[in-house]
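These notes are about the structure you will find just below.
The values are calculated or read from the model by the stated rules, or taken from the named source; none is laboratory data. None of these values were measured; they are calculated from a predicted model. So basically every Cβ, Gly included, is an ideal-geometry build from the backbone, and we count neighbours across all protein chains shown.
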Amino acid sequence: MTTLGFGRQSANKSLLVHFTAAGALIFGISFIVCWLLAFVPVSATHAFITLFTTADTTSPTALVQGLCWSLVFGAWLGFLTAAVHSVLNRIGF
């Protein structure tokens, strides 16, 4: 079977995009769920919300700022995960 030289690079780019998008979605959805749970009277620290914003945890400002920063942070972690996976895969680990 013949393989083309650009196949592996294309797969690595696809992997980077996939993990970056997945990380952003995971963190974005988690932030929205935590923000909604901030309205429920439970004894929780809401530290995940305060990780991404300094606004009051139940304010619309917290939702917008925190969602934006959680998407950026999740994308960054997803990108790092894909990059480390690619390096480990290349060295055969």
Inset, instruction - Using the structure shown, decide if Thr57 is within 22 Å of the chain's Cα centre (by Cα), at pLDDT below 95, over 30 Å from Ser86 (Cα atoms) and outside any helix (DSSP H, G or I). - result: yes
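Does the range 1-10 include one or more residues that are in a helix (DSSP H, G or I) and either at pLDDT 95 or above or of a type in the set (A, V, I, L, M) (or both)? Before the answer, list the steps.
Initially, the range 1-10 is screened for residues in a helix (DSSP H, G or I), giving 7-10.
Narrowing the set further to residues that are either at pLDDT 95 or above or of a type in the set (A, V, I, L, M) (or both) leaves none.
No, the conditions are met nowhere in the range 1-10.
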Inset, instruction - Would you tally the residues in the range 11-32 being at pLDDT 95 or above and among the aliphatic types (A, V, I, L, M)? - result: 7
Legend entry - Matching residues, the range 22-47, being hydrophobic (A, V, I, L, M, F, W, C), in contact with a Ser or Thr (Cβ under 7 Å, 6 or more places away or on another chain) and assigned to a helix (DSSP H, G or I): Phe27, Phe31
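One residue is enough: does the range 53-72 have a residue meeting the conditions among the hydroxyl-bearing types (Ser, Thr, Tyr), under 30 Å from Lys13 (Cβ atoms) and touching a residue at least 60 places away in the same chain (Cβ under 8 Å)?
Looking only at the range 53-72, we keep the residues that are among the hydroxyl-bearing types (Ser, Thr, Tyr), and these are 53-54, 57-59, 61, 70.
Keeping just the survivors that are under 30 Å from Lys13 (Cβ atoms) gives 70.
Within this subset, residues satisfying the condition of being touching a residue at least 60 places away in the same chain (Cβ under 8 Å) are none.
The answer is no; no qualifying residue exists.
Here are some residues: Leu77, Leu63. Which one is at negative phi, surrounded by fewer than 19 Cβ atoms within 10 Å (Cβ to Cβ), part of a helix (DSSP H, G or I) and at pLDDT 95 or above? Step through it out loud before you land on a result.
Working: Leu63 fails: surrounded by fewer than 19 Cβ atoms within 10 Å (Cβ to Cβ).
Criteria check complete, one pass: Leu77.
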Inset, instruction - Only residues in the range 12-36 that are touching a residue at least 60 places away in the same chain (Cβ under 8 Å) count as the first member; pair them with residues that are β-branched (Val, Ile, Thr), Cβ under 6 angstrom, at least 6 apart or cross-chain, and list the lot. - result: Phe19/Thr81
